Structure formats: structure tokens, C-alpha cells
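Taking it in order: structure first as C-alpha cells, then the write-up.
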Amino acid sequence: MGRIVVDVMLKPEILDPQGQAVRGALPRLGFEDFTDVRQGKRFVLSVDGPVTDDHLAQAREAAQTLLSNPVIEDVVDVHELTHDEPEQAPITGATGSSGGAA
Amino acid sequence: MRIGVVTFPGSLDDHDARRAVDLCGGESVALWHRDADLRGVDAVVIPGGFSYGDYLRAGAISRFAPVMTEVIRAAAGGMPVLGICNGFQILCESHLLPGAMIQNDHRTFICRDQRLRVESTATAWTSQFEQGEEITIVLKNQDGQFVADEPTLDRLEGEGRVAFRYLGENPNGSYRDIAGITDERGTVVGLMPHPEHCVETGFGPSLDGRRFFTSVIERVVSA
């Protein structure tokens with residue numbers, strides 16, 4: 001099963017209330033050096049079999065039409081999830097026998 | 001005068017909106033999000049609530065409901081459409097109105113009697129107000145901060161398409177104190193406050209909500 005990552009961020013000029021809430025909490029935990037926090041969204045799209053160029057093209061289209069609102073958000077990245085990245089959490093309800101607890 | 005009110009999963013003001021239509025002299029018609037059918041109505045209200053749980057963005061998934069395809073088509077033909085609160089967000093996600101709504105700048109839910117100034121009476125839903133009139137309408141939202149880029153805001157102001165502005169302290173951080181806007185021809189209106197809660201003596205702070213509905217009823221009856 002292949003996976004495609006879509007990362008969406010609020011546009012830089014749009015206020016990010018969630019990020020500001022996190023920013024406000026950091027100093028209380030002793031993290032004094034972070035001057036700003038922006039919180040984004042990551043979508044992980046799964047396909048049967050390996051990821052193809054067509055899958056990536058469809059993911060880019062979905063990113064622009066549903067996953068983001070171009071008025072307030074930018075799609076900052078669409079790419080195939082590779083093993084170079086941290087392990088993703090198992091997808092609840094995924095079919096197949098590979099999932100489940102150890 | 002038949003006014004449709006759409007129900008989505010998570011709509012919670014659809015019954016109030018239908019009641020308001022009936023109290024103001026119209027005939028309300030229940031519309032269902034999965035039906036690509038407007039049942040021959042003369043106007044549509046997209047009510048408030050939490051459509052589809054607002055999981056992705058407020059209004060984002062509702063925008064693709066079968067009924068919205070028909071609403072968008074009818075709006076293009078000039079049918080009056082009013083979006084209230086979450087309904088306003090759905091109209092923005094549908095590109096019937098410009099801009100978008102994000103979380104309130106103070107990050108808390110707000111519920112209060114909100115004073116507004118009527119900035120445009122040249123719409124299907126505001127013709128019975130006086131230009132510049134100050135009214136009080138219930139406001140209740142979490143994601144009520146209206147945002148748009150500067151050119152869009154300038155265009156809205158320049159074309160007289162700001163329909164309502166907040167008076168007093170800005171309740172949610174909306175750019176330029178904008179509480180409601182209209183489309184180019186003045187038939188599609190969206191606002192965050194809830195006129196359907198201000199139509200009956202003893203309920204809500206005023207009866208100012210009535211004229212939203214009587215405006216559109218008069219318009220359609222006289223058309």
C-alpha cells in the first residue's frame with residue numbers, strides 16, 4: 001500500500017489562532033526561544049499498490065479542491081510517503097492483515 | 001412565497017429558520033442535503049450549526065452535498081440565498097461569496113446580543129432596513145472570523161457589498177469589522193449573526209431578524 005502526504009498551512013498573512021495558543025503555552029514549559037508557532041494540517045492518502053504519477057496528480061487536485069481552501073491556505077507539499085520519514089500511526093479500520101497491535 | 005431551508009448533518013438552526021420564515025409570512029420548505037432538488041422554492045436559507053462536524057474546515061464538506069450543486073446553479077440564475085453563520089461559511093466555500101471564515105481571534109466560543117450597522121439595503125434580504133440603521137441580532141460562533149486578502153476587501157467596500165458591520169468591540173476579529181456581505185447582484189447574502197433567533201416577542205433581544213425574511217418575501221411577491 002502506497003501513501004501520499006499532503007501538507008497544508010494557513011497563508012502567512014492569515015492569523016493562526018491555534019498556533020498562537022500553542023505559542024502562548026510554550027514559555028510556561030520553559031521553552032523561551034520560539035518566537036512564533038504556525039499550526040498546519042497533514043493528510044495521508046493511501047492507495048492500493050505503489051504510488052503512481054497519476055495518484056500524485058489526483059492528490060494535487062484533491063489538495064486544491066477539498067483538502068485546502070485557497071482563500072486562506074496554501075498546499076505546501078504533496079509527496080509520496082517514503083521510509084525516510086517517521087513511521088506513521090496505523091490507520092484505524094484499514095483493511096489487510098498487516099495492521100494491529102504488536 | 002416558498003423559502004427552502006437546507007438541513008445538513010449537524011445543522012441545528014434549521015427548525016428555527018423554518019419557523020422564522022413561517023412567522024414572517026412565508027411558507028418554509030424543508031430541503032435535504034442529499035437531495036439534488038430544491039422543490040420549486042423561490043429562495044433558500046442555508047442555516048447555522050456544525051455541518052458535517054466541520055471536521056476539515058467549517059462548511060468545507062457541505063459545499064459538495066448534492067443540494068448545494070442545485071443551490072449554486074439557482075443562485076447563478078438570480079435566486080435569493082441567505083447563509084447564516086455556518087451557512088455563510090458554506091457559501092464562502094462554495095465560492096458564491098468571497099473570503100473565508102477562520103477561528104475567532106480570541107479562540108473562544110462567543111454568544112451574545114450583537115449590535116450591527118446595516119451597510120447595504122440594496123440586497124434581496126435587507127431592502128426593508130434603513131441605510132445605516134443600527135440593529136441587534138444574536139451572534140454565536142467559534143469560527144466567525146471573516147478573512148480575505150486586501151484587494152478582495154477593497155473590492156467589497158468599493159462595490160458596496162459589505163452588508164453588515166459589527167458595532168462596538170469586534171466580537172471575533174473579522175477583518176474591517178465585517179459581519180455580512182453580498183454577491184455582485186445583491187441576491188446572495190451571508191452573515192455570522194442569526195436573524196432567525198430574532199423574530200418573535202419574548203425570544204431574543206429584538207425583532208430585527210424579521211425584516212431579513214419580509215424583505216425577500218416582498219421582493220419575490222412583487223417580482
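The values are calculated or read from the model by the stated rules, or taken from the named source; none is laboratory data. Quick caveat, the model's predicted, so the values are computed rather than measured. Using ideal geometry, Cβ is built from the backbone for each residue, glycine included, and neighbour counts are taken over all protein chains shown.
Observations on the model:
- The one condition in (1) more than 23 Å from B:ASP143 (Cα to Cα); (2) touching a residue at least 60 places away in the same chain (Cβ under 8 Å) that B:ASP35 fails to fulfil: (2)
Yes/no per residue for (1) more than 14 Å from chain A (Cβ to nearest Cβ); (2) over 22 Å from B:VAL21 (Cβ atoms):
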position	(1), (2)
B:TYR55	no, yes
B:CYS92	no, yes
B:THR108	no, yes
B:THR123	yes, no
B:ILE135	yes, no
B:GLY160	yes, yes
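- Matching option when the condition is charged (D, E, K, R), at pLDDT 95 or above, more than 23 Å from A:GLN18 (Cβ to Cβ) and buried (at least 20 other Cβ atoms within 10 Å of the Cβ), among B:GLU119, B:GLU157: B:GLU119
- Any chance B:ILE102 is under 30 Å from B:THR69 (Cβ atoms), in contact with an Asp or Glu (Cβ under 9 Å, 6 or more places away or on another chain) and not acidic (Asp, Glu): yes
- Meets criteria (of a type in the set (Ser, Thr, Tyr) and over 22 Å from B:ARG219 (Cβ atoms)) for B:THR126: no
- Within the range B:1-60, being surrounded by fewer than 20 Cβ atoms within 10 Å (Cβ to Cβ), at negative phi and small (Gly, Ala, Ser) holds for B:ALA30, B:ALA36.
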